[in-house]
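Chemist: What follows is a single structure, and I will ask about it in a moment.
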Amino acid sequence: MIRVHVDPDLCIGCGICEGDAPDVFSLATSTVAEVIMDPVEPEFEADARMATEDCPESAISIENGEELETTTAPGADSTDDAEELINDNDLERKIEMKAIVDKDLCIGCGICEGIVPEVFSLQNEPYAEVLLDPIPEEFQDAVREAAEECSEAAITIE
Ligand code: SF4
Ligand code: SF4
């Protein structure tokens with residue numbers, strides 16, 4: 001299970017997220033998108049992820065089930081439950097990730113390389129190249145952060 005957050009300072013109220021995931025995002029009562037499902041039910045996760053990728057301002061961030069489950073699952077202090085959580089986390093982590101840099105958007109600022117140099121490099125090109133495909137589990141959170149921090153929204157995560 002995931003949680004999504006909208007940064008109201010970045011959101012321009014374009015409504016793309018609401019179009020992608022109307023059960024998760026709404027602009028009905030505000031000029032910026034509001035999250036109306038927290039946490040996001042599993043059947044709406046794909047829509048929420050698509051909205052995150054489509055947001056032109058990179059205003060949407062995703063909090064993974066790993067953090068969520070370890071902090072909010074009831075009874076997590078018993079050994080059995082803790083083992084169950086670890087297994088759930090393993091399942092979550094087995095999802096493959098691919099990162100794509102749009103070289104027409106990339107301005108070569110190097111922010112992504114600064115966050116996760118194991119994955120992004122500007123050594124050979126004026127734009128960021130993706131060094132690892134698929135993205136290993138240990139770099140997936142950093143890659144998400146790089147995609148959020150990219151001022152040009154040039155990084156797409158699949
Ligand atoms: S897609 Fe992004 S900028 Fe547009 S309304 Fe949603 S959060 Fe705001
Ligand atoms: S952060 Fe974005 S614009 Fe900057 S180098 Fe990376 S992909 Fe290009």
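Any read-out appearing in this document is the output of simple, stated calculations on the displayed coordinates, not a laboratory observation. Everything quoted here is computed from the prediction, not taken from an experiment. Glycine also receives a Cβ, built like all others from the backbone with ideal geometry; neighbour counts cover every protein chain displayed.
Chemist: Could I have the simple spin-label model distance between Glu96 and Met37, label points 7 Å from Cα toward Cβ, reported in nm to one decimal?
Modeler: 2.6 nm
Chemist: What is the magnitude of the charge dipole of segment 96-158 about its Cα centre, with +1 placed on the Cβ of each Lys and Arg, -1 on the Cβ of each Asp and Glu, and no other charges, expressed in debye to the nearest 20?
Modeler: With Lys and Arg at +1 and Asp and Glu at -1, about 160 debye.
Chemist: A further question on this structure: Between Lys103 and Thr29, what FRET efficiency follows from the Cβ-Cβ distance if R0 is 41 Å, with the result rounded to 0.05?
Modeler: The calculated FRET efficiency here is 0.55.
Chemist: Once you place label points 7 Å from the Cα toward the Cβ at Ile12 and Ala46, how far apart are they in nm?
Modeler: 2.9 nm
Chemist: Two decimals is fine: what is log10 I(q)/I(0) at q = 0.18, 0.23 Å⁻¹ for segment 96-158, from a Debye sum with one equal scatterer on every Cα and no solvent?
Modeler: The Debye formula, applied to the Cα set alone, gives -0.50, -0.85.
Chemist: Under a 5 Å amide H to amide H cut-off, with H placed in plane at 1.01 Å, what residues pair with Ile2 once short-range neighbours are removed?
Modeler: Val40
Chemist: Along the charge dipole of segment 96-158, pointing to its positive end and built from +1/-1 on Cβ of Lys, Arg, Asp and Glu, which listed residue (Phe139, Cys106, Ile157) has its Cα farthest out?
Modeler: The residue sitting most towards the positive pole is Cys106.
Chemist: Quickly work out the Glu138-to-Glu125 label distance, labels modelled 7 Å from Cα along the C-beta direction, and quote it in nm with one decimal.
Modeler: Distance between label points: 2.6 nm.
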